[in-house]
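J.: Pasting in a structure now, in C-alpha coordinates, and then I'll have a few things to ask.
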Amino acid sequence: MMRLKAIILFLILISGTYACIRPQYDHFAPIGEDHYLRMVVETSAGNTHCVQYNSSRNEFIKGSALKSPVPVNFGFIPSLNISTNKENIDPVHVMLLSDSKPAGTILKIIPVGMLQLSVSDEEKHFILAIPADPSEQKVKIQNSSELSMTNPSIFLLLESWLKNYFTTSGVNIQINGWLDENETWHYLLNTFHLQS
(Lines give C-alpha, C1' and ligand atoms only; values in the text may rest on other atoms or scores of the structure.)
Protein backbone atom coordinates (compact mmCIF):
# COMPACT_ATOMS: atom_id res chain seq x y z
CA MET A 1 0.00 0.00 0.00
CA MET A 2 2.84 2.40 0.82
CA ARG A 3 4.47 1.59 -2.49
CA LEU A 4 1.23 2.40 -4.36
CA LYS A 5 0.92 5.75 -2.53
CA ALA A 6 4.54 6.57 -3.41
CA ILE A 7 3.90 5.81 -7.09
CA ILE A 8 0.74 7.94 -7.13
CA LEU A 9 2.56 10.83 -5.42
CA PHE A 10 5.41 10.54 -7.94
CA LEU A 11 2.97 10.65 -10.88
CA ILE A 12 1.21 13.71 -9.44
CA LEU A 13 4.55 15.50 -9.01
CA ILE A 14 5.65 14.64 -12.56
CA SER A 15 2.37 15.81 -14.10
CA GLY A 16 2.50 19.02 -12.04
CA THR A 17 6.06 19.68 -13.16
CA TYR A 18 5.14 19.03 -16.80
CA ALA A 19 2.20 21.44 -16.57
CA CYS A 20 4.51 24.13 -15.14
CA ILE A 21 7.10 23.86 -17.91
CA ARG A 22 4.67 23.56 -20.85
CA PRO A 23 4.70 26.90 -22.67
CA GLN A 24 1.57 29.00 -23.04
CA TYR A 25 1.65 28.93 -26.83
CA ASP A 26 -0.63 31.88 -27.45
CA HIS A 27 1.56 34.16 -25.29
CA PHE A 28 4.69 34.05 -27.46
CA ALA A 29 5.51 37.24 -29.34
CA PRO A 30 4.34 36.99 -32.96
CA ILE A 31 7.64 38.46 -34.15
CA GLY A 32 10.93 37.67 -32.43
CA GLU A 33 13.93 39.90 -31.82
CA ASP A 34 15.35 38.45 -35.05
CA HIS A 35 12.38 40.07 -36.89
CA TYR A 36 11.00 36.74 -38.11
CA LEU A 37 7.32 35.95 -37.87
CA ARG A 38 6.54 32.92 -35.69
CA MET A 39 3.90 30.21 -35.87
CA VAL A 40 2.72 27.37 -33.66
CA VAL A 41 1.85 24.11 -35.43
CA GLU A 42 -1.52 22.59 -34.54
CA THR A 43 -2.30 19.98 -37.20
CA SER A 44 0.68 18.22 -38.76
CA ALA A 45 0.96 17.64 -42.50
CA GLY A 46 -0.32 14.15 -43.30
CA ASN A 47 -2.51 13.99 -40.19
CA THR A 48 -5.97 12.47 -40.60
CA HIS A 49 -7.46 14.29 -37.60
CA CYS A 50 -7.82 18.00 -37.00
CA VAL A 51 -5.88 19.25 -33.95
CA GLN A 52 -6.61 22.58 -32.28
CA TYR A 53 -4.91 24.45 -29.48
CA ASN A 54 -7.13 25.12 -26.46
CA SER A 55 -5.79 28.26 -24.78
CA SER A 56 -7.75 27.93 -21.53
CA ARG A 57 -6.50 24.35 -21.02
CA ASN A 58 -3.11 25.03 -22.63
CA GLU A 59 -3.20 21.82 -24.63
CA PHE A 60 -3.72 20.49 -28.11
CA ILE A 61 -7.07 18.75 -28.59
CA LYS A 62 -7.56 16.05 -31.21
CA GLY A 63 -10.72 16.66 -33.20
CA SER A 64 -12.80 14.62 -35.57
CA ALA A 65 -11.46 12.52 -38.43
CA LEU A 66 -10.82 14.25 -41.74
CA LYS A 67 -11.90 12.94 -45.15
CA SER A 68 -8.37 13.33 -46.52
CA PRO A 69 -4.95 13.86 -44.92
CA VAL A 70 -3.83 17.43 -44.28
CA PRO A 71 -1.62 18.57 -47.22
CA VAL A 72 0.40 21.12 -45.18
CA ASN A 73 1.07 21.95 -41.53
CA PHE A 74 -1.74 24.09 -40.14
CA GLY A 75 -1.22 26.42 -37.19
CA PHE A 76 -1.50 29.97 -35.94
CA ILE A 77 0.55 33.07 -35.23
CA PRO A 78 0.84 33.40 -31.44
CA SER A 79 -0.62 36.43 -29.64
CA LEU A 80 -2.63 37.64 -32.65
CA ASN A 81 -6.38 37.50 -32.05
CA ILE A 82 -8.47 38.84 -34.93
CA SER A 83 -11.80 38.33 -33.16
CA THR A 84 -13.67 41.48 -32.13
CA ASN A 85 -15.18 39.51 -29.24
CA LYS A 86 -12.57 39.32 -26.44
CA GLU A 87 -14.02 36.02 -25.16
CA ASN A 88 -13.72 34.36 -28.57
CA ILE A 89 -10.17 33.64 -29.71
CA ASP A 90 -9.73 33.61 -33.48
CA PRO A 91 -6.02 33.51 -34.32
CA VAL A 92 -4.34 34.33 -37.62
CA HIS A 93 -4.19 30.94 -39.38
CA VAL A 94 -1.08 29.66 -41.15
CA MET A 95 -0.53 26.94 -43.76
CA LEU A 96 3.15 25.93 -43.70
CA LEU A 97 4.83 24.30 -46.71
CA SER A 98 7.32 21.97 -45.03
CA ASP A 99 7.84 18.45 -43.83
CA SER A 100 5.41 17.32 -41.15
CA LYS A 101 5.93 19.03 -37.78
CA PRO A 102 4.41 17.83 -34.49
CA ALA A 103 1.73 19.87 -32.73
CA GLY A 104 3.33 22.45 -30.46
CA THR A 105 6.33 23.09 -32.71
CA ILE A 106 7.23 26.80 -32.77
CA LEU A 107 8.86 27.94 -36.02
CA LYS A 108 10.17 31.10 -37.62
CA ILE A 109 8.38 31.56 -40.92
CA ILE A 110 8.37 33.67 -44.09
CA PRO A 111 4.90 34.55 -45.43
CA VAL A 112 4.68 34.10 -49.21
CA GLY A 113 0.97 34.73 -49.74
CA MET A 114 -2.50 34.57 -48.25
CA LEU A 115 -5.76 32.87 -49.20
CA GLN A 116 -8.93 34.87 -48.57
CA LEU A 117 -12.20 33.01 -48.25
CA SER A 118 -15.70 33.46 -46.87
CA VAL A 119 -17.01 30.82 -44.48
CA SER A 120 -20.76 31.29 -43.89
CA ASP A 121 -20.36 34.97 -44.85
CA GLU A 122 -17.48 35.45 -42.39
CA GLU A 123 -14.19 36.46 -43.99
CA LYS A 124 -11.22 34.24 -43.14
CA HIS A 125 -7.55 34.50 -44.04
CA PHE A 126 -4.98 31.72 -44.25
CA ILE A 127 -1.33 32.81 -44.46
CA LEU A 128 0.77 30.60 -46.73
CA ALA A 129 4.35 30.38 -45.44
CA ILE A 130 7.66 28.57 -45.67
CA PRO A 131 10.12 27.97 -42.79
CA ALA A 132 12.68 30.75 -42.36
CA ASP A 133 15.43 28.16 -41.89
CA PRO A 134 16.67 27.25 -45.41
CA SER A 135 17.44 23.66 -44.33
CA GLU A 136 13.74 23.23 -43.41
CA GLN A 137 12.39 24.57 -46.70
CA LYS A 138 10.66 21.96 -48.82
CA VAL A 139 10.47 24.41 -51.72
CA LYS A 140 13.13 27.05 -52.40
CA ILE A 141 11.05 30.15 -53.03
CA GLN A 142 10.85 33.69 -51.69
CA ASN A 143 7.39 34.78 -52.84
CA SER A 144 4.08 33.65 -54.32
CA SER A 145 5.21 34.40 -57.90
CA GLU A 146 8.09 31.93 -57.57
CA LEU A 147 5.74 29.39 -56.00
CA SER A 148 3.23 29.74 -58.84
CA MET A 149 6.05 29.08 -61.33
CA THR A 150 7.59 26.11 -59.49
CA ASN A 151 4.44 24.50 -58.06
CA PRO A 152 1.28 26.08 -59.53
CA SER A 153 -0.98 23.21 -58.43
CA ILE A 154 -0.40 23.97 -54.72
CA PHE A 155 -2.93 26.82 -54.80
CA LEU A 156 -5.71 24.64 -56.25
CA LEU A 157 -4.79 21.78 -53.90
CA LEU A 158 -5.14 24.01 -50.82
CA GLU A 159 -8.37 25.59 -52.07
CA SER A 160 -9.85 22.17 -52.78
CA TRP A 161 -8.79 20.74 -49.41
CA LEU A 162 -10.22 23.71 -47.48
CA LYS A 163 -13.48 23.60 -49.45
CA ASN A 164 -13.81 19.91 -48.61
CA TYR A 165 -12.96 20.55 -44.94
CA PHE A 166 -15.52 23.32 -44.45
CA THR A 167 -18.35 21.81 -46.54
CA THR A 168 -18.03 18.55 -44.56
CA SER A 169 -19.03 20.63 -41.52
CA GLY A 170 -22.13 21.82 -43.39
CA VAL A 171 -20.71 25.30 -43.89
CA ASN A 172 -20.93 27.41 -47.06
CA ILE A 173 -17.52 28.43 -48.38
CA GLN A 174 -16.43 30.79 -51.13
CA ILE A 175 -12.84 31.28 -52.30
CA ASN A 176 -12.13 35.01 -52.68
CA GLY A 177 -8.59 34.72 -54.06
CA TRP A 178 -4.91 34.86 -53.20
CA LEU A 179 -2.83 37.83 -52.13
CA ASP A 180 0.92 38.15 -52.65
CA GLU A 181 3.55 38.50 -49.90
CA ASN A 182 3.38 42.33 -49.83
CA GLU A 183 -0.40 42.34 -49.36
CA THR A 184 0.01 39.59 -46.75
CA TRP A 185 2.46 41.71 -44.75
CA HIS A 186 0.10 44.67 -45.08
CA TYR A 187 -2.70 42.55 -43.56
CA LEU A 188 -0.40 41.32 -40.75
CA LEU A 189 0.87 44.81 -39.91
CA ASN A 190 -2.72 46.10 -39.76
CA THR A 191 -3.57 43.23 -37.42
CA PHE A 192 -0.56 44.09 -35.19
CA HIS A 193 -1.61 47.75 -35.18
CA LEU A 194 -5.22 46.97 -34.19
CA GLN A 195 -4.02 44.91 -31.23
CA SER A 196 -1.50 47.39 -29.87
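The values are calculated or read from the model by the stated rules, or taken from the named source; none is laboratory data. Quick caveat, the model's predicted, so the values are computed rather than measured. Please note: Cβ atoms are built from the backbone with ideal geometry, for glycine as well, and neighbour counts cover all protein chains shown.
J.: Taking Gly75 and the conditions (1) under 20 Å from Phe192 (Cβ atoms); (2) outside any strand (DSSP E or B); (3) modelled with pLDDT of 85 or more, which numbered condition does it fall short on, given that it satisfies the others?
T.: All conditions pass for Gly75, except number (2).
J.: Moving on. Within the set of pairs 6 or more residues apart or between chains, which connect a residue that is under 15 Å from Pro91 (Cβ atoms) inside the stretch 174-196 to a residue that is β-branched (Val, Ile, Thr) and modelled with pLDDT under 90 with Cβ atoms less than 7 Å apart?
T.: As it stands, the answer is Thr191/Ile82; Thr191/Val92, since those pairs meet every condition given.
J.: Anything in the stretch 105-141 that is over 23 Å from Ile175 (Cβ atoms), hydrophobic (A, V, I, L, M, F, W, C) and within 14 Å of the chain's Cα centre (by Cα)? List them, or say none.
T.: To start, the set of residues in the stretch 105-141 that are over 23 Å from Ile175 (Cβ atoms) comprises 105-108, 110, 131-138, 140.
Of the ones still in play, those that are also hydrophobic (A, V, I, L, M, F, W, C) are 106-107, 110, 132.
Ile106, Leu107, Ile110, listed by residue number.
J.: Looking only at residues in the stretch 42-72 that are assigned to a loop (DSSP other than H, G, I, E, B) and among the basic types (Lys, Arg), which one is surrounded by the most Cβ atoms within 10 Å (Cβ to Cβ)? Talk me through it step by step, then tell me what you get.
T.: So the first thing to find is which residues in the stretch 42-72 are assigned to a loop (DSSP other than H, G, I, E, B), and the list is 44-48, 55-58, 66-72.
So of that shortlist, the ones also among the basic types (Lys, Arg) come out as 57, 67.
Numbers: Arg57: 8, Lys67: 10.
In this case the residue turns out to be Lys67.
J.: In the stretch 183-196, is there at least one residue being over 22 Å from Val51 (Cα atoms), touching a helix residue (DSSP H, G or I) at 6+ places or on another chain (Cβ under 9 Å) and not β-branched (Val, Ile, Thr)? Full working, then the answer.
T.: Pass one, the stretch 183-196, residues over 22 Å from Val51 (Cα atoms): 183-196.
From the residues that got through so far, the ones that are touching a helix residue (DSSP H, G or I) at 6+ places or on another chain (Cβ under 9 Å) too are 184.
Filter once more, keeping what is not β-branched (Val, Ile, Thr): none.
No: zero hits.
J.: When the stretch 81-131 is examined, which residues are found to be under 20 Å from Glu59 (Cα atoms), at pLDDT 90 or above and part of a loop (DSSP other than H, G, I, E, B)?
T.: Of everything in the stretch 81-131, those that are under 20 Å from Glu59 (Cα atoms), at pLDDT 90 or above and part of a loop (DSSP other than H, G, I, E, B) turn out to be Ser100, Lys101, Pro102, Ala103, Gly104, Thr105.
J.: Do you know which residues across the stretch 112-169 are without any contact (Cβ under 8 Å) to a residue 24 or more places away in the chain, among the hydroxyl-bearing types (Ser, Thr, Tyr) and touching a strand residue (DSSP E or B) at 6+ places or on another chain (Cβ under 8 Å)?
T.: Thr167, the sole residue that qualifies.
J.: Next up: For the stretch 140-185, which positions are closer than 13 Å to Pro71 by Cβ, among the β-branched types (Val, Ile, Thr) and either in contact with a Phe, Trp or Tyr (Cβ under 9 Å, 6 or more places away or on another chain) or in a loop (DSSP other than H, G, I, E, B) (or both)?
T.: Matches in the stretch 140-185: none.
J.: Still on this structure: Can you pull out every residue in the stretch 10-47 that is over 16 Å from the mean Cα position of the chain (by Cα) and modelled with pLDDT of 70 or more?
T.: Gly32, Glu33, Asp34, His35
J.: Quick one: in the stretch 22-41, of everything that is touching a helix residue (DSSP H, G or I) at 6+ places or on another chain (Cβ under 9 Å) and outside any loop (DSSP other than H, G, I, E, B), which residue is farthest from Asn164 (Cα to Cα)? Give the derivation first.
T.: Step one: of the stretch 22-41, the residues touching a helix residue (DSSP H, G or I) at 6+ places or on another chain (Cβ under 9 Å) are 30-31, 37, 40.
Next cut, outside any loop (DSSP other than H, G, I, E, B) only: 31, 37, 40.
On the way: Ile31: 32, Leu37: 29, Val40: 24 Å.
Among those residues, the one meeting the criterion is Ile31.
J.: Related question: Considering only the stretch 164-191, state which residues are loosely packed, with under 15 Cβ neighbours inside 10 Å and either of a type in the set (Ser, Thr, Tyr) or modelled with pLDDT under 90 (or both).
T.: The answer is Asn164, Thr167, Thr168, Ser169, Gly170, Val171, Asn172, Leu189, Asn190.
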